[in-house]
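These notes concern the structure reproduced below.
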Amino acid sequence: MADSDTVRGSRGGGSGEDKPKRTNLITFYRQVVAELRKVVWPTQDQLVTYFIVVMTFVIVMMALISALDLGFGRLVFTVFTGNAEQ
């Protein structure tokens, strides 16, 4: 059986006549819990490091975009009014 058949839920002949049964809520919940137990959760030190890296990147990008916005705004103002002092 091909992987795509497994994903689609085909059982055997591939005729498509048999619809796969829906998973009930309890089975779905058990499967979710089982998958979450497989997750490798980060330690507190890793979490702090990731947080600092992400916040630093966000702040740098905010500063860069703000500077570009200010620069382009002044450029447009200068081009259309001829006076950049306002």
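Listed values, structure above:
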| quantity | calculated |
| --- | --- |
| Contacts under 9 angstrom Cβ, first residue in the range 48-62 being part of a helix (DSSP H, G or I), partner surrounded by 10 or more Cβ atoms within 10 Å (Cβ to Cβ), 6 or more apart | T49/P42; Y50/P42 |
| Unmet criterion (only one of (1) of a type in the set (D, E, K, R); (2) surrounded by 10 or more Cβ atoms within 10 Å (Cβ to Cβ); (3) in a helix (DSSP H, G or I)) for D18 | (3) |
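Here, each number is a calculation from the coordinates, and none is a lab measurement. Predicted model only: the values in this text are computed from it and were never measured. Using ideal geometry, Cβ is built from the backbone for each residue, glycine included, and neighbour counts are taken over all protein chains shown.
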